[in-house]
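Colleague: Before I ask anything, here is the structure I am working with.
The values are calculated or read from the model by the stated rules, or taken from the named source; none is laboratory data. None of the values given here were measured: they were computed from a predicted structure. As a convention, Cβ positions derive from the backbone with ideal geometry for all residues, glycine included, and neighbour counts pool all protein chains shown. To get the accessible areas, we keep the full protein, side chains included, count just its heavy atoms, and leave off ligands, DNA and RNA. Shrake-Rupley method; radii C 1.70, N 1.55, O 1.52, S 1.80 Å.
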Amino acid sequence: MIYVFHLLDKPHGLDLRQRMRPEHKAYLAAVADRIAFAGPLLADDGTTMVGSVLAIDFDSREAALQWQAGEPFTKAGLYASVAVHAFQNLWPQKAGFPPAA
């Protein structure tokens, strides 16, 4: 089951995000073969990162929450808000994603 993580940073969290980003990316790399999509949420300027959206395949909600608890941004206290939901894609992707290789 795909679980979508909607994660919003605390105000003024950009410095912490930048410092922890290498650890965050390494943590994601460990589940890279299960990632449907992942990336930062951006402010209206189109460049400033203000959160994250991740869609990752897990065997259960408990497994997804356990993974989230160990995620470096989470452990560093970056997020002001965390929401995790099961997701079922019912629409063929047309925009925003490169063609599958």
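Colleague: Output ³J(HN,Hα) for region 65-74: one whole-Hz value per residue in order, computed from phi by the Karplus curve 6.51 cos²θ - 1.76 cosθ + 1.60 with θ = phi - 60°, and x for Gly and Pro.
Modeller: These are the phi-based 3J(HN,Hα) values: 5, 5, 4, 4, 4, x, 5, x, 5, 4 Hz.
Colleague: Please list, in chain and number order, the residues 5+ apart from TYR79 or on another chain whose amide H is under 5 Å from its amide H, with Hs placed from the backbone.
Modeller: Here the answer is LYS10, since their amide H atoms fall under 5 Å of that of TYR79.
Colleague: Here is a further query. Would you kindly derive the ³J(HN,Hα) couplings of region 76-81 from the backbone phi angles with the Karplus curve 6.51 cos²θ - 1.76 cosθ + 1.60 (θ = phi - 60°), listing them in order in whole Hz, with x for Gly and Pro?
Modeller: Each residue of region 76-81 in turn: 7, x, 5, 7, 8, 8 Hz.
Colleague: Hey, another quick one. Determine the sum of side-chain charges near TYR27: Lys and Arg each +1, Asp and Glu each -1, restricted to other residues whose C-beta is under 11 angstrom from that of TYR27.
Modeller: After counting each charged neighbour, the total is +1.
Colleague: With the other protein chains left in place, how much accessible area per residue, in square angstrom, belongs to the chain at a 1.4 angstrom probe?
Modeller: About 66 Å² of surface per residue is accessible.
Colleague: For region 44-83, what is the largest minus smallest coordinate of the Cα atoms on each principal axis, given in angstrom and ordered from greatest to least?
Modeller: 37, 21, 14 Å, listed from the longest principal axis down.
Colleague: Another one. Along each of the three principal axes of the Cα atoms of the chain, give the extent in whole Å, ordering the values from largest to smallest.
Modeller: 36, 32, 22
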